[in-house]
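The values are calculated or read from the model by the stated rules, or taken from the named source; none is laboratory data. None of these values were measured; they are calculated from a predicted model. Virtual Cβ from ideal backbone geometry, glycine too; neighbours counted across all protein chains shown.
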Amino acid sequence: MESESESEFNRHGNMKTASGDQTLQGILHDIKSSKTPAVINYGASWCRVCSQILPAFHRLSNSFPKFKFVYADIDECPETTQHIRYTPTFHFYRDGEKVDEMFGAGEERLHDRLWLHS
């Protein structure tokens, strides 16, 4: 039987959704220990720009299969996302370390950053 996080992962292709602080902390731990390149999209349900970039984020997860894609709603993960001051914020990880961050939306900008870090 699949765990909840595995079924989330499979349902969204290459994208996981952090459903709370504990889930996000587990995902961050996995990113740091697995050394897999990853991008985390910090957003909020009330953020119009976040809602606009989410479909593109999902499409890009299919274009960059080597990356882990994670969406974290700052209201659902308040403890883990205290450092986020702007939505959407994207954090890029390589070899377990945060190597870049991007503020705001823009599918082309996001694609270029992913390409740069792949």
Here's a check for you: in segment 18-31, which residue that is modelled with pLDDT of 95 or more and polar (S, T, N, Q) is nearest to residue 95 (Cα to Cα)?
25
I'd like to verify a number: residues in segment 68-99 that are out of contact with any strand residue (DSSP E or B) (no Cβ under 6 Å at 6 or more places or on another chain) and of a type in the set (Phe, Trp, Tyr), how many?
0
Return the residue satisfying two criteria in turn: it lies in segment 37-64 and is without any contact (Cβ under 8 Å) to a residue 40 or more places away in the chain and not charged (D, E, K, R), and of such residues it is surrounded by the most Cβ atoms within 10 Å (Cβ to Cβ).
54
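Among the residues of segment 12-31, which ones are of a type outside the set (Val, Ile, Thr) and either surrounded by 22 or more Cβ atoms within 10 Å (Cβ to Cβ) or closer than 18 Å to residue 58 by Cα (or both)?
Of the residues in segment 12-31, the ones of a type outside the set (Val, Ile, Thr) are 12-16, 18-22, 24-26, 28-30.
Within segment 12-31, 12, 13, 14, 15, 16, 18, 19, 24 qualify.
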Which count do you get for residues in segment 89-118 that are under 17 Å from residue 27 (Cβ atoms), part of a loop (DSSP other than H, G, I, E, B) and not acidic (Asp, Glu)?
1
Give the number of residues within segment 23-43 that are in contact with a helix residue (DSSP H, G or I) (Cβ under 6 Å, 6 or more places away or on another chain) and small (Gly, Ala, Ser).
2
